[in-house]
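The values are calculated or read from the model by the stated rules, or taken from the named source; none is laboratory data. Quick caveat: nothing in here was measured; it's all calculated off a predicted structure. So basically every Cβ, Gly included, is an ideal-geometry build from the backbone, and we count neighbours across all protein chains shown.
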Amino acid sequence: MSVEMILIRYRVRPERLTEHLRLLRAVHDELARLRPPGFRYVSYRLDDERSFVEVATAPELPGPLPGLESFRRYRAGLEERCEERETFEPTVALSYGFGE
């Protein structure tokens with residue numbers, strides 16, 4: 001089975017960090033309640049405390065995210081909360097134990 005992946009890297013403005021963490025937690029909480037089959041979503045917080053990397057994988061993206069109320073709230077102000085943001089659709093070069 002083929003799996004799509006999207007990777008997003010961003011840095012949150014210091015004055016918006018608490019708000020951002022609250023909104024991001026709500027997305028993860030809603031996903032935990034719904035448990036959409038085949039969908040994986042992880043948010044990494046980097047050493048500087050304000051940079052994040054998010055990875056979503058699913059047979060088809062964007063998966064359930066657009067349908068989640070918590071994700072719509074999260075996305076509504078994301079551009080204003082971030083100092084920088086990049087989105088990647090990586091291609092697997094090599095893999096061990098990932099998506100097999």
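Just a few scattered comments:
- Some residue of the range 30-49 being touching a Leu at 6+ places or on another chain (Cβ under 6 Å), in a helix (DSSP H, G or I) and on the phi < 0 side of the Ramachandran plot: yes
- Looking only at the range 45-83, residues that are basic (Lys, Arg) and surrounded by fewer than 16 Cβ atoms within 10 Å (Cβ to Cβ) come to 4 in all.
- Filtered residues of the range 1-29 (kept if assigned to a helix (DSSP H, G or I), within 15 Å of the chain's Cα centre (by Cα) and not acidic (Asp, Glu)): His20, Leu21, Arg22, Leu23, Leu24, Arg25, Ala26, Val27, His28
- Among the residues of the range 7-30, those identified as surrounded by 13 or more Cβ atoms within 10 Å (Cβ to Cβ), β-branched (Val, Ile, Thr) and modelled with pLDDT of 95 or more are Val12, Val27.
- Among the conditions (1) in a helix (DSSP H, G or I); (2) free of Cβ contacts under 8 Å to residues at least 24 places away in the same chain; (3) touching a Leu at 6+ places or on another chain (Cβ under 8 Å), Arg73 misses just one, which is (2).
- Evaluation of Val42 against (1) aliphatic (A, V, I, L, M); (2) touching a strand residue (DSSP E or B) at 6+ places or on another chain (Cβ under 6 Å); (3) surrounded by 15 or more Cβ atoms within 10 Å (Cβ to Cβ) (one fails), failing number: (3)
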